[in-house]
Protein chains: 2
Amino acid sequence: MTTKKFLLQEKDIPTAWYNIVADMKNKPMPILNPKTKQPMKEEDLYPLFSKAVSHQEMNTTDAWIEIPEEVRELYKVWRPTPLVRAAGLEKALDTPAHIYFKNESVSPIGSHKLNSALAQAYYCKQEGVTNITTETGAGQWGAALSYAAKAFGLELAVYMVKVSYHQKPYRRSIMQTFGSQVIASPSMSTKAGRKILTDHPNYQGSLGTAISEAVELAMSTPNCKYTLGSVLNHVMLHQTVIGLEAEKQMEMAGEYPDVVIACFGGGSNFSGIAFPFMRHKLLEGKNLRIVAAEPASCPKLTRGQFQYDFGDEAGYTPLIPMFTLGHNFAPANIHAGGLRYHGAGSIVSQLMKDGMMEAVDVQQLETFEAATLFAQCEGIIPAPESAHAIATAIREAKQAKLEGKPKTILFNLSGHGLIDMAAYDLYLAGDLRNYEVTDEEVKHNLSELEQII
Amino acid sequence: MTTKKFLLQEKDIPTAWYNIVADMKNKPMPILNPKTKQPMKEEDLYPLFSKAVSHQEMNTTDAWIEIPEEVRELYKVWRPTPLVRAAGLEKALDTPAHIYFKNESVSPIGSHKLNSALAQAYYCKQEGVTNITTETGAGQWGAALSYAAKAFGLELAVYMVKVSYHQKPYRRSIMQTFGSQVIASPSMSTKAGRKILTDHPNYQGSLGTAISEAVELAMSTPNCKYTLGSVLNHVMLHQTVIGLEAEKQMEMAGEYPDVVIACFGGGSNFSGIAFPFMRHKLLEGKNLRIVAAEPASCPKLTRGQFQYDFGDEAGYTPLIPMFTLGHNFAPANIHAGGLRYHGAGSIVSQLMKDGMMEAVDVQQLETFEAATLFAQCEGIIPAPESAHAIATAIREAKQAKLEGKPKTILFNLSGHGLIDMAAYDLYLAGDLRNYEVTDEEVKHNLSELEQII
């Protein structure tokens, strides 16, 4: 048997997103105003975000939030995405396990990020917003939002971390082709950028600085809102279309997963595939494992601590209850740029705290070994981020072989790696390496947090 | 209304390829042995190609050739591909025309080339071949064959034109990730390569040289065959899955095309979408237009001449009856590398001669203008090659608007452009240009052919 796809029709695209918070017995703790340390209200978010997503961010009661018809129409450009039986990989591993993956790489920009980008751009347009801003690291989120902004007729300014702006010119070009403004951050266009450039003229940027610039531009521009591609509750919500489709497709395949796996940065693709299955655990006490695969060089879930922390390096955002390595943690320069984030969103952090899920960490070389095998077996070159999920699925499949037991594995292929071939080049040349994080580093960063709250 | 996809299920993947030659009243003229000038027989091709494709190459009687189950199973990795109503583009053009495109860009390697690569690799494997060779320019064909070779357990050596080897490192990395050997051509690994390097140490290569090297390696290696990604009849045959699916999908859409459009290099994606519709013209006298869109800088169909010519620059291949600009024609360095070929395959050339189809030429800047508009409307960044089809579809839609008449347009989106962003960068910066071909150039190249036969 070779690879089999399980395909849905357009009518099967979900009509509502799943808001897991409504079904959680222990709700996530509230986000706090960084000055007053008091819980923030929906209205407190209005200056930064559209009212609709501010409401979604705080919604703890409605389990299902209707997907606007205009967003659902644009989902049809590439959704429903296929569920694929990775029979080639199974054969190569000689495992009794059945391995399935949800293929989010088929989106026009190559990753799952479009699921939330379209929703966020839509709500801004509905509320009369004309301009939006965001930051991007490697560029997956920026590329998705660029298409979404164009689709809804919004002007978009993307602050792209300077080192990526120069290292990943293709992602920058994609954003520009869709018509957005891309600014290398730090830049001279904001106070925050000018200050940093004055102090450190050669600074190559960070996500923290880029967030500061994007927020500042949004706050100082009429009719302008800021958008974010991960971490926040409303982003997780929008991504649940992934798991809701996969639920139906696993039924078509006549199987139910023993384990659901996704890579983990801030939590957007993980939540997308995991929450609809987590629902079966929350409501029916279903026995399945849910595993977040994070880079060993940025191990917030496996080695971080649960406490309030800022969402950005500079400390401008609300305080979020999260598993964190400390907002000053500087992850090694691994090629899975989308996973280089110090904390986990508040919903995932609560679920982790409650023992509803597991996390594992994976070293860079293991991820590229897994990615190369997967490419050769299934024909798709995965994004370095997604390769963390693949490596973890392979571990599970090998374990099944060792135990001689059947097992049904489902993982999310969050994106393809066609724009990350430079990383594969280095891997094939033997020039990639692993990175260790010492306990001292973790402790040092966390100790600085103790005085925040 | 926004974009709508028309999706088929795996069971709808064709079970047979369509061999148009069987239905042509005027068969293509035979290919000739370059030495004896006599028609070649099937057996004459055995040293170079697998017996199965040699037979397909010469088959003038069977209209339907069964697709081997093993190949069809691998087609399931990404086929059937979607047919999409380009409603966003229609709206932007404010046209009464309905525009549909067949989306071949969803293949794992990003283009239609895999349709023939899998078939060719399969037949080689069946006949006990262990090693295969090929040449590639920009790398689309080489990438497709690399995955196909891995899927069937063959060793592959790809001679990649040196200038592309250095300019398109991502495509080279894709091939290497799939496990094939990629050699910059000219190389020291063949007599042909060594001779050229000795005479011209800095020569940056050409498809002609790369073909010579790939053929030489195949001929001098035990159990080794050569493969080609376009021009030849068996390649056209394998690509007809595109049009056979599109036929069903247009029925689902409740429409029939007034015009079918594809870009044109050697003819592989063009034949793929066009031949199944051409069949309606040949057998039922159906009234529809079929249009090949070629680059203005390489206008073999619009300004070339029908006569016998070599398939390669060096003059090693059989003589093919083709519309040609002369095998020494050096096309300008446009970014649609896959269309930089001097001649058209023999079937298309015969159909062109018989007035069964049309050709138009498009300048580079018009193609990038069309590509950018398409990307912004439909979310997919097209390959520079495919942009020729898009530009032609836009011309047709604008004409429909001028005339105030309905029109149904179908074009083939042969691939995405995510690995060609450097070209988009140049376009956005205003650094791309058009290229003119003078009548003198065309005449000069053709005059050299007169003494061949």
Practice task
Could you please tell me which pairs satisfy a Cβ distance under 9 Å, a separation of 6+ or placement on different chains, a first residue in segment B:53-82 that is more than 10 Å from chain A (Cβ to nearest Cβ) and more than 27 Å from B:MET252 (Cα to Cα), and a second residue that is of a type in the set (S, T, N, Q) and open to solvent by 20 Å² or more (accessible area, probe 1.4 Å)?
Solution key: B:GLN56/B:ASN233; B:GLU57/B:ASN233; B:MET58/B:ASN233; B:ASN59/B:ASN233
Handout entry: Which numbered condition B:PHE323 misses (of (1) out of contact with any Lys or Arg (no Cβ under 6 Å at 6 or more places or on another chain); (2) at pLDDT 95 or above)
Key = (1)
Completion exercise
Going through (1) aromatic (Phe, Trp, Tyr); (2) open to solvent by less than 20 Å² (accessible area, probe 1.4 Å); (3) within 17 Å of the chain's Cα centre (by Cα) one by one, A:PHE277 fails only at (3)
Exercise for the section: Identify all residues within segment B:365-389 that are buried (at least 24 other Cβ atoms within 10 Å of the Cβ), more than 14 Å from chain A (Cβ to nearest Cβ) and not in a loop (DSSP other than H, G, I, E, B); write none if there are none. Expected result: B:HIS388, B:ALA389
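I need the full set of residues from segment B:326-366 which are among the hydrophobic types (A, V, I, L, M, F, W, C) and closer than 30 Å to B:ALA22 by Cβ, in order please.
Going residue by residue through segment B:326-366, those that are among the hydrophobic types (A, V, I, L, M, F, W, C) are B:329-330, B:332, B:334, B:336, B:339, B:344, B:347-348, B:351-352, B:356-357, B:359-360, B:362, B:365.
Within segment B:326-366, B:LEU339, B:ALA344, B:ILE347, B:VAL348, B:LEU351, B:MET352, B:MET356, B:MET357, B:ALA359, B:VAL360 qualify.
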Problem - Some residue of segment B:44-51 being surrounded by 20 or more Cβ atoms within 10 Å (Cβ to Cβ), touching a Cys at 6+ places or on another chain (Cβ under 6 Å), under 22 Å from B:LEU114 (Cα atoms) and of a type outside the set (Val, Ile, Thr) - result: yes
Completion exercise
Scanning segment B:125-150 residue by residue, the ones that are modelled with pLDDT under 95, of a type in the set (Gly, Ala, Ser) and open to solvent by 10 Å² or more (accessible area, probe 1.4 Å) total 2
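Name the one entry in A:ILE183, A:ILE196, A:ILE242 that is touching an Asp or Glu at 6+ places or on another chain (Cβ under 8 Å) and surrounded by fewer than 24 Cβ atoms within 10 Å (Cβ to Cβ).
Just a single option satisfies the conditions, and that option is A:ILE183.
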Exercise for the section: Go through the residues of segment B:13-30 one by one and say whether even a single one is open to solvent by less than 20 Å² (accessible area, probe 1.4 Å), assigned to a loop (DSSP other than H, G, I, E, B), β-branched (Val, Ile, Thr) and in contact with a Pro (Cβ under 6 Å, 6 or more places away or on another chain). Expected result: yes
Handout entry: Qualifying residues in segment A:213-236 (those that are part of a helix (DSSP H, G or I) and open to solvent by less than 10 Å² (accessible area, probe 1.4 Å)) - the one nearest to A:THR60 (Cα to Cα)
Key = A:HIS234
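Let me confirm something: among B:ALA332, B:ALA314, which residue is in a loop (DSSP other than H, G, I, E, B), among the small types (Gly, Ala, Ser) and touching a Phe, Trp or Tyr at 6+ places or on another chain (Cβ under 6 Å)? Before you say what the answer is, go through the steps one by one.
Numbers: B:ALA314 fails: touching a Phe, Trp or Tyr at 6+ places or on another chain (Cβ under 6 Å).
Only one candidate qualifies: B:ALA332.
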Completion exercise
Result of the Cβ filter at 6 Å on segment B:192-204, keeping first residues that are under 23 Å from B:GLN167 (Cβ atoms) and partners that are surrounded by fewer than 16 Cβ atoms within 10 Å (Cβ to Cβ) and of a type outside the set (Val, Ile, Thr), at least 6 apart or interchain, is B:ILE196/B:TYR203
Handout entry: Residues satisfying the stated conditions in segment A:31-42, i.e. farther than 13 Å from A:SER349 by Cβ and either buried (at least 16 other Cβ atoms within 10 Å of the Cβ) or touching a residue at least 24 places away in the same chain (Cβ under 8 Å) (or both)
Key = A:LEU32, A:ASN33, A:PRO34, A:LYS37, A:MET40
Completion exercise
Going through segment B:166-175 in order, the residues found to be open to solvent by less than 50 Å² (accessible area, probe 1.4 Å) and in contact (Cβ under 8 Å) with a residue 12 or more places away in the chain are B:LYS168, B:TYR170, B:ARG171, B:ARG172, B:ILE174, B:MET175
Exercise for the section: Sort out which residues of segment B:282-297 are modelled with pLDDT of 95 or more, part of a loop (DSSP other than H, G, I, E, B) and within 20 Å of the chain's Cα centre (by Cα), and write them in order of number. Expected result: B:ALA296
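Does A:LYS225 qualify as being away from every other protein chain (no Cβ under 12 Å), basic (Lys, Arg) and under 30 Å from A:SER349 (Cβ atoms)?
Here the answer is yes, as A:LYS225 does meet what is asked.
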Practice task
Please determine, by comparing only the residues of segment A:401-438 that are of a type in the set (A, V, I, L, M), more than 14 Å from chain B (Cβ to nearest Cβ) and crowded, with 23+ Cβ neighbours inside 10 Å, which one is nearest to B:VAL106 (Cα to Cα).
Solution key: A:LEU410
Handout entry: So B:PHE323, is it crowded, with 23+ Cβ neighbours inside 10 Å, among the aromatic types (Phe, Trp, Tyr) and over 25 Å from B:PRO14 (Cβ atoms)
Key = yes
Fill in the blank from the handout: Wholly inside segment B:77-182, strands (runs of 3 or more DSSP E) that include 2 or more residues that are closer than 25 Å to B:SER271 by Cβ and in contact with a Cys (Cβ under 9 Å, 6 or more places away or on another chain) are B:131-136
Exercise for the section: Answer yes or no: is there a residue in segment B:67-77 that is under 30 Å from A:GLU70 (Cβ atoms) and open to solvent by 10 Å² or more (accessible area, probe 1.4 Å). Expected result: no
Practice task
For segment B:23-45, state whether one or more residues are within 24 Å of B:LEU319 (Cβ to Cβ), away from every other protein chain (no Cβ under 14 Å) and in contact with a His (Cβ under 8 Å, 6 or more places away or on another chain).
Solution key: yes
Handout entry: Considering residues of segment B:52-66 that are open to solvent by 10 Å² or more (accessible area, probe 1.4 Å) and outside any loop (DSSP other than H, G, I, E, B) only, the residue nearest to B:ILE13 (Cα to Cα)
Key = B:GLU66
Completion exercise
Flagged in segment B:91-124 as open to solvent by 10 Å² or more (accessible area, probe 1.4 Å), within 14 Å of chain A (Cβ to nearest Cβ) and over 23 Å from A:ILE419 (Cβ atoms), in numbering order, are B:LYS91, B:ALA92, B:TYR122
Problem - Failed condition for B:LEU7, given (1) within 13 Å of chain A (Cβ to nearest Cβ); (2) open to solvent by 30 Å² or more (accessible area, probe 1.4 Å); (3) closer than 19 Å to B:SER271 by Cα; (4) among the aliphatic types (A, V, I, L, M) - result: (3)
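The values are calculated or read from the model by the stated rules, or taken from the named source; none is laboratory data. All values reported here derive from a predicted model rather than from experimental measurement. Virtual Cβ from ideal backbone geometry, glycine too; neighbours counted across all protein chains shown. Only protein heavy atoms, including side chains, enter the accessible area calculation; ligands, DNA and RNA are left aside. Shrake-Rupley method; radii C 1.70, N 1.55, O 1.52, S 1.80 Å.
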